[in-house]
Amino acid sequence: MKTIRRLIYGEVLSAVGFVTLCFLSLFFFFDVVEEIQSIGRAGAGQYQIIQALTFVALMIPSHLYELLPIAVLIGTIFVMARFAQTSQYTILRTSGLGPGRALKTLLWLGAVFVLLTFVLGDYISPAADRSGQLLKARYQGVITIGHTGAWLKEKQRHSQFAVNINALDSDGSMRGVRIFEFDSQGFLISMMQAETATHGPDDAWRLRRMVRTEFPARNTENPRIERTQLDDFRWPNEISAEMVSAALLKPERMSTYDLFQYIRHLDANQQSAQRYEIEFWKKVFYPLSCLVMVVLALPFAYLHFRSGGITGYVFGGVMAGISFFLLNNVFGYIGEMQNWQPWLTAALPGLIYSLLSLTAFGWLVLRR
């Protein structure tokens, strides 16, 4: 069995590596073409070809994380179909490779891809993507979302705050910060506007060039609005740098732990976390899709192929894999609109395709 496992693992790893390299080369080319259009536009033209290539290189881990399951599917289907066409799989079956053992062998290989996908999605890809965004912001400007920026909410003992951040600078500092303070009954107490803000080591923000506007309390006989200007002001809060990045960057680019912390913050401040909960469970279940892909590819080893007929079957398997990822995205949008359970929304496509692939595998084995 060691020889059989070595043969299958070597062939699958080679095929998956080749497919992954082809996909990454294609995405690298497209990204370079897109970034070339931005060269020389920002400021004094500091964003040049070196910075563009560095940014594109930092995007490779994100592309690899997204492409790895589909590359696993294509590579495994190609190997299984080729084994069936050349009768190698028939020889392996007569050598003791039964259906259950074949499934177990591929699942162990799929577990390796699951671990690799998890490491890419939780550690390498978020760090590389954040570095790339900050690199681009250093030469092209600040990171922002739309005209209104990002909104966060902070709830404290005697009041609550609505925080608006217009943009994130390349060094991690915040620009265009507005902080609205409300009392326990929801009436506006004060507003702070700062040009920049940075995170301090003591769970506080340092607001630079800040203007504080205090509004009069209700039922005041002589209502007056008071304004105070300060060059430096310390505002204690529990909004971390990761939470600010979560609000300004795409949630799918975050790690599982950062998503979990951000969801807890939203729940604590009575904000809707449905979108981030779905993304969190997608991050949990997405690496497991590699197992779905190898199970989906195994039935191809039990098919009969005529001369030259392998291409159609491989193409059909690839389309099945693409439909899985399309269904995964569609379920995410539907689950958010219909308020489905986030974990069910993320897990349902994988469960459906696992059941279909196991059914096809069982039917082919029983028929043979």
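Against the chain, whose longest principal axis is taken from its Cα atoms, helix 125-140 shows a tilt of about 50°. The angle separating the long axis of helix 310-338 from the principal Cα axis of greatest extent in the chain is about 30 degrees.
Counting Lys and Arg as +1 and Asp and Glu as -1 over every other residue whose Cβ lies under 13 Å from the Cβ of residue 166, the net charge comes to 0. To the nearest 10 degrees, how steep is helix 60-85 against the longest Cα principal axis of the chain, on a 0 to 90 scale? Once rounded, the angle reads 10 degrees. Scoring 6-18, 114-126 by mean Cβ neighbours within 10 Å over their residues and listing the highest first yields 114-126, 6-18.
Charge tally around residue 102: other residues with Cβ under 11 Å, Lys/Arg +1 each, Asp/Glu -1 each, net +4. Only DSSP H runs of four or more residues enter the estimate; each adds -39500 (n - 2.57), and after division by the residues of the chain the mean residue ellipticity at 222 nm equals -19500 deg cm²/dmol. Positive end of the dipole of the chain, charges at C-beta (+1 Lys, Arg; -1 Asp, Glu), about the Cα centre: which of 338, 244, 71 has its Cα farthest in that direction? Checked the options; the winner is 71. Dipole check for segment 150-248: with +1 at the C-beta of Lys and Arg, -1 at the C-beta of Asp and Glu, and the Cα centre as origin, the magnitude is about 260 Debye.
Annotation: lysines with alpha-carbon distance below 24 angstrom to residue 282 (same-chain offsets under eight excluded): 250. When only the Cβ of Lys, Arg, Asp and Glu is charged (+1, +1, -1, -1), the dipole of the chain relative to its Cα centre reaches about 1460 debye.
Taken over the alpha carbons of segment 150-248 as equal point scatterers, the Debye sum produces base-10 log I(q)/I(0) values at 0.21, 0.22 Å⁻¹ of -1.10, -1.19.
Computed from the coordinates by the stated procedures, all read-outs in this text should not be read as laboratory data. Remember, predicted model here, so these are calculated numbers, not experimental data. As a convention, Cβ positions derive from the backbone with ideal geometry for all residues, glycine included, and neighbour counts pool all protein chains shown.
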